[in-house]
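Undergrad: Structure below; questions to follow.
The values are calculated or read from the model by the stated rules, or taken from the named source; none is laboratory data. Note that the coordinates shown come from a computational prediction; the quantities given were computed from them, not determined experimentally. As a convention, Cβ positions derive from the backbone with ideal geometry for all residues, glycine included, and neighbour counts pool all protein chains shown. For accessibility, only protein heavy atoms count, side chains too; no ligands or nucleic acids. Shrake-Rupley method; radii C 1.70, N 1.55, O 1.52, S 1.80 Å.
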Amino acid sequence: MVLALRDGLRSGDVFVPGSRRYADPGTYLFTPGQWESKRAEFCQLVRKPADASEAIDQVKEELHRALEDLEETLANAAPNDVGAVRLDEEGQRCGWPDP
């Protein structure tokens, strides 16, 4: 039982009221009221819509574009190419000829 309690404390499944180390992880989150006042600014910073369905549609579009780019890259690869992909510091592919 002591080992289960220790594991619960470490994982955050068990918390001790008043403890700094083993506090309820939910206390680190914004309340719904706090989030509502910060939502617009956050969404602007990450360039995502505040509306969940719009955000999902945007992510789907980004995924489809990325998959199209990947398919094009794979289609243009040499037959004996092992497919090693490298990205530079900006997240752009490097070491590949431009398609």
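Undergrad: What angle, in degrees between 0 and 90 and rounded to the nearest 10, separates the Cα long axis of helix 52-75 from the longest principal axis of the Cα atoms of the chain?
TA: The angle comes out near 40 degrees.
Undergrad: Might you work out the accessible area of S11 for me, using a 1.4 Å probe with all protein chains in place, and round it to the nearest 10 Å²?
TA: My reading of the accessible area for S11 is about 70 Å².
Undergrad: Where only protein heavy atoms count, and the probe is 1.4 Å, what is the accessible area per residue for the chain in Å²?
TA: Per-residue accessible area for the chain comes out at 90 Å².
Undergrad: Any idea what the relative contact order of the chain is, in percent, if you count C-alpha pairs under 8 Å spaced at least 6 apart?
TA: 10 percent
Undergrad: In addition: Just to make sure I understand: if all protein chains stay in place, what is the order of L9, L29 by accessible area at 1.4 Å, largest first?
TA: L29, L9
Undergrad: Quick one: what are the phi-derived ³J(HN,Hα) couplings along the range 29-46, Karplus 6.51/-1.76/1.60 with θ = phi - 60°, whole Hz, x for glycine and proline?
TA: 8, 5, 6, x, x, 5, 5, 4, 6, 9, 4, 4, 5, 4, 4, 5, 5, 8
Undergrad: With Kirkwood's inverse mean 1/r over C-alpha pairs for Rh, give me the Rg to Rh ratio of the chain, two decimals please.
TA: The Rg/Rh ratio comes out at 1.21.
Undergrad: Right, something else. Take the alpha carbon atoms of the range 35-90, find their radius of gyration, then divide it by 2.2 N^0.38 Å using N residues; give the quotient.
TA: Expressed relative to 2.2 N^0.38 Å, the Cα Rg reads 1.69.
Undergrad: Can I ask one more? Taking the Cα centre of the chain as origin and charging only Cβ (+1 Lys, Arg; -1 Asp, Glu), how large is the dipole, in debye to the nearest 20?
TA: Roughly 880 debye, rounded to the nearest 20.
Undergrad: With everything on Cα atoms, drop me the angle between helix 2-11 and the longest principal axis of the chain, reported from 0 to 90° to the nearest 10.
TA: On a 0 to 90 degree scale, this one is about 50.
Undergrad: Then there is this: Between V59 and K38, with labels modelled 7 Å along Cα→Cβ, what's the label distance in nm to one decimal, could you check?
TA: 1.9 nm
Undergrad: Roughly how many percent of the accessible protein surface of the chain is carbon and sulfur, given a 1.4 Å probe and a whole-percent answer?
TA: Carbon and sulfur: 56 percent of the exposed surface of the chain.
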